[in-house]
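Remarks on the structure that follows.
Rule-based calculations on the coordinates, nothing more; no lab input. Just so you know, these numbers come straight off a predicted model, no measurement behind them. Ideal geometry is used to build each Cβ from the backbone, glycine not excepted, and the neighbour counts take in all protein chains shown.
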């Protein structure tokens, strides 16, 4: 950890609490008075920990560890009263917060332990004070400030480290889910390719037609495997977009051509005459729309009706894909756009995440309404192109 | 005098390409092959015409765990094999408890799969002979 940014952070906090050089001087002047009280305060500190199981459970090394920790605590308080608040001082405070995450000691116990220590130090100050009341009050204020600053920097470190650990854990979990999903999605096409190759190499009575069938099957399943990889890479990196006026009619036509729906599904495209162009990146939006169309196809199994329609108003173009499929349960509705969430038997669970990500990068939005058992409507909302009013 | 019929095999998998490929390979080896894409049609096929061996993927739609395997077994001298990409120890044990003859990893290499199919056919023939 680079110490300079930490020291900068500490200076910022010092200025926030109104820390001054005289504060440091008052603390140094009082250090000698407080020192004889430290053993008593530290015994109290650990006696309280003993009474609280959640705090005690982090001490796994028994009396030997407690004795060592008591030594560390004395050193910490002496540094606190030492007047040298430099980068090494701040780094040691930072390390306390970091260490607390490592051993699983909740920050709340640092807060209450410091509160107790604060009470003890202020009491000790009053008990041993020989000078005027005003200086006593100023010294007590300085002591409170330095304790608050220590608490702030320890808590800062705690949160930073806690967050970093959480992110590491989440990354590992995502890696596991993606890995499992990819394995599952690639296994089927690979099995098909493997068995087709087996037939081509080993069949005793192959016919020319069968051979062609198997080669085509291999070709198709290579494309399936390729798509799995493509959707992963397009999820990992939606490239920067070039928003240009897009003819919605052409977008719908080309997307339908590359995503055939099968004979049992009746397709209606309903675009009003004079529909303005939308603003967006054509190729990316074709991917987004393609995912919606394929989802609709999967939701309808072999039979159903797909309606693609659009409306324009107030400088906005809305393109809707409506199917008569199985619909989406209410409990799934809020989650379907999350990465790796899928209600299908097969699928990575990235399609809608990619679609939404693309639409949002085009300054638009993607929303869904659905009725289980009746069907779903996905609507892409984009800005209309101000200059281009055109036929679909 | 009866002419011995070709040994019959039922292949059930939700991927039509897998069904077609396994069917082509087994037909080429002179087996009689039926395919089913889901549990109910697998059951229907077996109830019409008992098969010697069934190759099942327990994850196909409508399988309801290992229920079809039990139904298929009730129908007569059928030996069933479980082929699954996820034949973990637990699934395999459940399957064997349910009377399944063997479990296979789905990505099994074909020569050993064919060897197991041959063994299964023999089992089926022995059972039929015992009546």
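Under the simplified labelling scheme, the residue A:169-residue A:219 pair shows an inter-label distance of 5.1 nm, with each label point 7 Å from Cα along Cα→Cβ. Sorting A:317-325, A:378-386, A:161-169, A:302-310 by average packing, meaning the other beta carbons within 10 Å per residue, from highest down gives A:317-325, A:378-386, A:302-310, A:161-169.
When Rg and the Kirkwood Rh are both derived from Cα coordinates, the Rg/Rh ratio for the stretch A:122-195 amounts to 1.65.
Inter-chain neighbour count for A:192-198: the average number of beta-carbon atoms from partner chains within 10 Å of each residue's beta-carbon is 6. Between 0 and 90 degrees, the angle of helix A:282-299 with respect to the longest Cα principal axis of chain A falls at about 80 degrees.
The length gained on full extension between residue A:302 and residue A:244, counted as 0.36 nm times the residue separation minus their Cα-Cα distance, comes to 17.3 nm. Debye calculation, C-alpha points only, no solvent: report log10 I(q)/I(0) for chain A at q = 0.09, 0.15 Å⁻¹, in the same order as the q values. Log10 I(q)/I(0), no solvent term: -0.75, -1.25.
So how tilted is helix A:62-80 from the main axis of chain A? Cα-based, degrees 0 to 90, rounded to 10. Rounded to the nearest ten degrees, it is 80.
The mean number of partner chain beta-carbon atoms within 10 angstrom of a residue's beta-carbon across peptide A:200-212 is 2. Classify the stretch A:292-373 as rounded, prolate or oblate from the Cα gyration tensor: take a ≥ b ≥ c as the square roots of its eigenvalues, call it rounded if a/c is under 1.5, otherwise prolate when a/b beats b/c and oblate if not. Note, shape of the stretch A:292-373 comes out oblate. The packing ranking, built from the mean of other Cβ atoms within 10 Å per residue, places the peptides A:11-20, B:113-122 in the order B:113-122, A:11-20, highest first. Using r as the Cβ-Cβ distance of residue A:183 and residue A:155, and R0 as 30 Å, what FRET efficiency do you calculate, to the nearest 0.05? The pair residue A:183/residue A:155 has a calculated efficiency of 0.10. When the helices of chain A are scored as -39500 (n - 2.57) per DSSP H run of n ≥ 4 and the total is divided over every residue, the value at 222 nm lands at -21500 deg cm²/dmol.
Helix A:3-17 versus the longest principal axis of chain A: what angle, 0 to 90°, nearest 10, using Cα atoms? That helix lies at roughly 70 degrees to the long axis.
Per residue of A:213-222, other chain Cβ atoms within 10 Å of the residue Cβ number 2 on average. Label zone of residue A:332 (point 7 Å out along Cα→Cβ, amide N under 19 Å): in the stretch A:352-379 this covers A:352-356, A:367-379.
The label-point distance for residue B:115 and residue A:44, in a model that sets each label 7 Å from Cα toward Cβ, rounds to 7.9 nm. Peptides A:352-363, A:48-59, ordered by how many other C-beta atoms sit within 10 Å of their residues on average, highest first, read A:352-363, A:48-59. Exposure proxy shown here: for B:51, B:27, the number of other Cβ atoms within 10 Å sets the order, fewest to most, as B:27, B:51.
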